[in-house]
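What follows draws every value from the coordinates through simple rules; no lab data is involved. Since we're looking at a predicted model, the values are computed, not measured. Reconstructed Cβ throughout: ideal geometry from the backbone, glycine too, with neighbour counts over all protein chains shown.
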Amino acid sequence: MTRSGAAVAALVAGVALAWTPTLLADEPTYVGVETCVTCHDDKEASLEGTPHGQAGFAKLSARNCEECHGPGSAHVDDPDNADLRPTLARLTPDERTAVCRNCHSGGARFLWDGSAHASQQISCADCHSVHSPKSESSQLQRANETEQCLSCHKDVRADLWKTSHHPVREGRMSCVDCHNPHGGQGAKMIRAASVNDQCYECHAEKRGPFLWEHAPVRESCVNCHAPHGSNHLKLQKTSVPYLCQECHANTRHPGSLYDNTTLADAARASNRIFNRACVDCHAAIHGSNDPSAPYLGH
Amino acid sequence: MRANAVHSSLTAVAAILVLSSPSQAQSGSSSGFKLELDPVTIAYESVDVDTESAKFNEYRDLKDGFLLERLNLRGSYAGGDRNFSVTARRAGRDDAFYAFDYRSEGSYSFKIELNRIPHRFGNNGLLLFDRTGPGRYEIDDATQASLQLAIADQFRTNRAGVNYNFLNGLLQPYLATAGTVDLALRRDRARAELELGKAGRFAWGLTLDHEDRSGTRPYGASLGFSNVAELPEPIDYRTTSGQLNGEWKGERGGVQFGGRLSRFENKIDVLVWDNVFRLTSTTDPNAYTAPGSSSIGGTAFGRAPLVPDNEAMTLFVNGRGKFGLWTMQGSLSYVTMEQDDALQSYTLNSAIRGIDEQGATFDATDRSFLPQSSADREVDVFSFSGSAGVPLGKSFKLDFRARYYDYDNGSDRVVFPGYVRFDAVWEEIGRITVPYAYDRTDLSADLGWNIARGTRLGLVAGLREMNRSFREIENAEEIFVRLDGSTRKGGFWLHGHLELGDRSTDSYHVEAQHDSFTHPEAVNNLPDLRKFDEAERDYLDYLLQADWALSETLDLTFGVSGRDEDYSKSLFGLHDDEILRFNAELNWRVGESGNVYLFANRADREVFQLSRQSGATVSTDPLNNWQVRFDELNEVVGLGLNLELAERWQLDVSGRWSRSDGAADIFSPPGGTPNLGVGFDDYEDIELLASVVDLGFEINDRMAVGFGWRYEDYVAESFITRGLTYYLPGTLLLNAENGDYQGDVLTVRFSLKH
């Protein structure tokens, strides 16, 4: 190396050494949980009893508060500067979600990317709360899973209160029994690959396959049923017999008009409209193994 | 700055020292065993309901008596490294829930739970039959003989006199002394779940589910157009499944994979019931109309195979990864579903002779004359769903989504030379089973534009394609376009979407119905009817919702949404299905933990369908047309408050009022058959008022008492239950109570924490 080259190198090194402390000082560093709780002891208290406040969390994350909020030295150095506060609200929805997914990216959350909620810029913090959860599990902002979903999907609430309904409002099941809010295989974030596969989880007797099939049943349960709730028997979208007559106008009785004059209290009372109408004879409406039931009677 | 830097440095060092020090468990300084009961609640319920309606306890078990209403027991040891909880709700009741959870955070967890779900359909149904065994309903021979004789006498002297009035008169003395039955079932659902290594790179899970479902539900058992008997279908189901899954998470992606086996068993294969009107079996060409002026023949008892056992096996793999700027994820699954139950014979009616393809007769009660002895059904399903997204610059993002579902029914087609209609008569109409199959493809592209922080616009365009075999339409394609947007600023959030879709199809083959006949008959469905699930349609789907934090404690939400499905290219069938919804909600946070809320929802739905009545042949006369327009209005209003009234006093109140008001407007042009059409206003008019008031008082830090009052008022008017009695033309009904009720539940509870 020439003398001038050495001089330049020394100069560069000297500048670097002089500037390094400054550069390093600009990057915030971790201050540790004890520092955080000096001022934010309420936040520490709020974690008690939650998974984030238990010893297991400390085992997984050496940085406690700063695992999620990021290094806090800048905030500690200048606590009155709102711009330096490591609050998650300052992040974009994707950034907020990325914080949680550092640990929570598997299991039910595996298919988050590309999901309906992700594409709509919904973040974990829109449903969950680490510091002030209201639910007994899953750390939700609302009292339970159903109330959490209804906080945005308000159009479904009216359906849940219809006379024919799944036992959601009784607390026997919830939205997440069928839907995965983190992203599912099927459309509308259904957990299973299709509506039918989802319904078969609880209604396995409808799975078949059967000797005699009913094609619209095989394709989709929601061709005939409204799973969120209905005014009609058995979650039917429209009441029998009219539901059946949307497809069947065959000769003789399928295409006949059943009206007020054929109800049970009328002179022309017909068992094709009262009680369970068509299904009182065509009882195997979802499919049948009976060699004598091509019309899905018994 | 220097002092802060030193402080920060020292703090950092201290933190490092603390976090790297041995755990308390390792150091043995304390086992740290903690047990917390928070709480255990014993309650006494007193129930007063004015009717026996099963609707009151449809999915619950409210009744007089003590119960363990709640138990939350939590514990931890090893310095909090091990945690467990025991939970019970309404222990001992039909709607109980139990759970046990044990975990080492980040290492493994084990959970087991039992969920009991009752489902009540109706109380005090009148049952003329005696249940003499699983799936067996009998009437004593003397009754059958007496009724058969009386009917035969009438038929001999005056055939037309075998009518409803006559049969009703015969049955009434027996109905007057018949027993009653409650129709209800209960699901007992158990789940055990083991997870290993959830927080690590590899995770494993094993889930076992088992459900027992037992009880009865209403079932239509028919022996002819004029001989339907509603019976309690015996339910004794077992559903068992197990899933083993694994997961690997890397820096830039991951894989999930697993397999699942599911088996459904029905412990009661068949329902057999006596024919009320016959002790001996006969047959004649009109026996399926019996008892009536054309025939009084038929079987002495009917037989209905109940749902068969089945199995399903699923293999799946999910993957995700980042490849440069692209983020991709996908799911693949393969499912095989099998059902191979033994087939029952054509009938139990020993008077019936079957006729085979060669014209020879055979004993239709003998299973050996079936073309095969078991169902031998198998379906394979292959499905894929995936997405790939890439940012385009700082403000745009492009996502592609695809979904493919292939339902491949590989079952053989089984040919039957004929069948027995209603156990009454052999129909020499050759039938062949139809293994419906289809595949469905959904493709879409979503261009998102982050206009500003918190504001996004999205434009989605897509295609849905359906290919079917053995149905009227083989190929249908639906294109759709969707615009969605969302903006958040401060406490204001506005979001919505507008979606338009247009489905087109290839030609409609109304003769597809021939596929289930060995010798095709004349088409007997209206040629211009289009089955709505296949038909051409346009649709509009929209939503606009605003959420506004008016202040730190007050939130307001208002929204409108709707969907309009237009099948107007179908001359007959479903023509239009439209719904418009409004919702509004006000939420006021009071104090530290109090809350008052008010909400209202309104949904207005209209459905319009057209048809034409035909006689023995398809009608071409427009005077035989009929149409029906259904109007359904649904409203729900609710309010609630959770308040700390004073120190130690807590009040929770909730009230819901829901109403549905439906009407059917029916029209048929005069001069045809039908001549006019008469609508009705009770197309499900239902009203429910439900309120709950709970007042709690903390005696001290450990004990609390509570007083609860639940009130419900349910009124239902439905055209299908209007005028129901135990015997109506052609139909014996259980007529179980499932209607109006007014009910009060008073609850006193005592809670203990420790």
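Among B:M466, B:M703, which comes first, second and so on when ranked by fewest other beta-carbon atoms within 10 Å?
B:M703, B:M466
Could you check the simple spin-label distance between B:R238 and B:E644, using points 7 Å along Cα→Cβ, in nm with one decimal?
The answer from the label model is 5.3 nm.
With charges set only on the Cβ (+1 for Lys and Arg, -1 for Asp and Glu), what does the dipole of chain B come to about its Cα centre, in debye to the nearest 20?
The calculation lands at about 2980 debye.
Given the Cα-Cα distance of B:V653 and B:T673 and 0.36 nm per residue of separation, how much length would full extension add, in nm?
1.6 nm is the gain from fully extending B:V653 to B:T673.
Per DSSP H run of at least 4 residues, take -39500 (n - 2.57); add these up for chain B, divide by its residues and hand me the 222 nm value, nearest 500 deg cm²/dmol.
Working: 4 runs with 53 residues, N = 754.
Here the helix-only value at 222 nm equals -2000 deg cm²/dmol.
Of B:V618, B:L639, B:S593, which is farthest along the charge dipole of region B:577-653 in the positive direction, counting Lys and Arg as +1 and Asp and Glu as -1 at C-beta?
B:V618
Once you charge only the Cβ atoms, +1 for Lys and Arg and -1 for Asp and Glu, what is the size of the charge dipole of region B:430-534 about its Cα centre, to the nearest 20 debye?
860
What distance in nm separates the two pseudo spin-label positions at B:F323 and B:R74, each 7 Å out from Cα along the beta-carbon direction?
Computed distance between label sites B:F323 and B:R74 equals 4.5 nm.
Given Cβ point charges of +1 (Lys, Arg) and -1 (Asp, Glu) and nothing else, what value in debye, to the nearest 20, does the dipole of the protein assembly as shown about its Cα centre take? Working shown, then result.
Working: 103 positive and 147 negative charges, 489 e Å.
Around 2340 debye, computed over the protein assembly as shown.
Estimate the FRET efficiency between B:D744 and A:D83 by the formula 1/(1 + (r/R0)^6), using the beta-carbon distance for r and 51 Å for R0, to the nearest 0.05.
Efficiency for this residue pair is about 0.30.
Using the Cα centre of the protein assembly as shown as origin and beta-carbon charges of +1 (Lys, Arg) and -1 (Asp, Glu), tell me which of A:S137, B:T314, B:T132 is placed farthest towards the positive end of the dipole.
A:S137
May I ask you to sort B:R90, B:R252, A:R157 by Cβ crowding, counting other Cβ atoms within 10 Å and putting the fewest first?
With the sparsest Cβ surroundings first, the list reads B:R252, B:R90, A:R157.
Would you kindly calculate the translational diffusion coefficient of the protein assembly as shown, applying Stokes-Einstein with the Kirkwood radius from alpha carbon pairs, for 20 °C and a viscosity of 1.002 mPa s, and quote it in µm² s⁻¹ without decimals?
Using the Kirkwood radius from Cα pairs, D works out to 66 µm²/s.
Exposure proxy check: A:I122, B:I117, B:I112 ranked by fewest other beta carbons within 10 Å?
Final ranking by Cβ density, sparse to dense: B:I112, A:I122, B:I117.
What is the set of long-range amide H partners of B:R431 at a cut-off below 5 Å, with H atoms built 1.01 Å from backbone N?
B:F416, B:G418, B:T518
Among the helices of chain B (complete DSSP H runs), which have Cα atoms covering no less than 18 Å along the helix axis and a Kyte-Doolittle mean of at least 1.0?
Length and hydropathy pass: B:2-20.
Taking the Cα-to-Cβ direction at B:S551 and at A:D42 and moving 7 Å from each Cα, how far apart do the two end points lie in nm?
In this crude label model, B:S551 to A:D42 measures out at 1.9 nm.
How large is ³J(HN,Hα), in whole Hz, for each residue of region A:116-124 in order, when computed from phi with the Karplus curve 6.51 cos²θ - 1.76 cosθ + 1.60 and θ = phi - 60°, using x for Gly and Pro?
4, 5, 4, 5, 8, 6, 8, 10, 3
Note the direction-averaged projected area, equal to a quarter of the hull surface, for the Cα convex hull of region B:401-526, in nm².
Working: hull surface 50.6 nm².
Hull-based average projected area comes out at 12.6 nm².
Please say if region A:235-280 is rounded, prolate or oblate, where rounded means a/c under 1.5 for a ≥ b ≥ c the square roots of the C-alpha gyration tensor eigenvalues, and otherwise the choice is prolate for a/b larger than b/c and oblate otherwise? Please report the intermediate quantities before stating the final value.
Numbers: a/c = 2.04, a/b = 1.26, b/c = 1.63.
Taking the square roots of the gyration eigenvalues as a ≥ b ≥ c, region A:235-280 is oblate.
Distance check, please: which entries in A:K188/B:K489; A:K154/B:K489; B:K249/B:K322 exceed 23 angstrom between their Cα atoms?
Pairs exceeding 23 Å: A:K188/B:K489.
May I ask for log10 I(q)/I(0) of region B:98-220 at q = 0.11 Å⁻¹, from a Debye sum over the Cα atoms as equal point scatterers with solvent left out?
-0.63
Considering only the other residues whose Cβ falls under 11 Å of the Cβ of B:I666, what net charge follows from Lys and Arg at +1 and Asp and Glu at -1?
Value of the local net charge: -1.
What is the gain in length, in nm to one decimal, between B:H754 and B:D412 on full extension, counting 0.36 nm per residue of separation less the C-alpha to C-alpha distance?
116.6 nm
Tell me the mean residue ellipticity at 222 nm calculated for chain A from its helices only (DSSP H runs of n ≥ 4, each -39500 (n - 2.57), averaged over every residue, nearest 500).
Calculated at 222 nm, the ellipticity per residue is -8000 deg cm²/dmol.
Through the Karplus equation 6.51 cos²θ - 1.76 cosθ + 1.60, θ set to phi - 60°, convert the phi angles of region A:168-180 into ³J(HN,Hα) values in whole Hz; use x for Gly and Pro.
With the stated coefficients, region A:168-180 comes to 7, 6, 7, x, 7, 8, 9, 3, 7, 6, 10, 10, 10 Hz.
HN-Hα J couplings of region B:102-119 from phi, Karplus 6.51/-1.76/1.60, θ = phi - 60°, integer Hz, Gly and Pro as x?
With coefficients 6.51, -1.76 and 1.60, one gets 9, 8, 10, 3, x, 10, 8, 8, 9, 9, 9, 8, 10, 10, 9, 10, x, 9 Hz.
If R₀ is 51 angstrom, what is the calculated FRET efficiency for the pair B:D604 and B:F369, using the beta carbon separation as r and rounding to 0.05?
0.35
Putting +1 on Lys and Arg Cβ atoms and -1 on Asp and Glu Cβ atoms, find which of B:A476, B:A300, B:L544 reaches farthest to the positive end of the dipole of chain B.
The listed residue farthest towards the positive side: B:L544.
Near the amide H of B:D740, under 5 Å away, which other amide H atoms are found, from residues 5 or more places off or on another chain, if H is placed in the peptide plane?
B:A716
Give, in nm to one decimal, the length gained when the segment between B:E113 and B:D48 is fully stretched (0.36 nm per residue of separation minus the Cα-Cα distance).
Numbers: separation 65, 0.36 × 65 = 23.40 nm, distance 3.15 nm.
Separation in residues times 0.36 nm, less the Cα-Cα distance, equals 20.2 nm.
Which residues in region B:380-420 have a backbone N closer than 17 Å to a point placed 7 Å from the Cα of B:A445 along the Cα-to-Cβ line?
B:387-393, B:396-403
Report, as a whole number in µm² per second, the diffusion coefficient that Stokes-Einstein gives for region B:62-118 at 10 °C and 1.306 mPa s using the Kirkwood radius over alpha carbon pairs.
Rounded, D is 126 µm²/s.
List the residues, sorted by chain then number, that are 5 or more residues from B:M703 or on another chain and whose placed amide H is less than 5 Å from its amide H.
Residues meeting the criterion, in which the H sits 1.01 Å from N, are B:K753.
Quote the Stokes-Einstein diffusion coefficient, in whole µm² s⁻¹, for chain B, based on the Kirkwood radius over alpha carbon pairs, a temperature of 25 °C and a viscosity of 0.890 mPa s.
Translational D for this selection: 76 µm²/s.
Which value in Å does the Kirkwood hydrodynamic radius of region A:65-202 take, with 1/r averaged over all unlike C-alpha pairs and then inverted? Please report the intermediate quantities before stating the final value.
Numbers: mean 1/r = 0.0591 Å⁻¹.
Averaging 1/r across every pair of different Cα atoms and inverting gives 16.9 Å.
Output the 0 to 90 degree angle, nearest 10, between the alpha-carbon long axis of helix A:3-26 and the longest principal axis computed from the alpha carbons of chain A.
Orientation of helix A:3-26: about 50 degrees from the principal axis.
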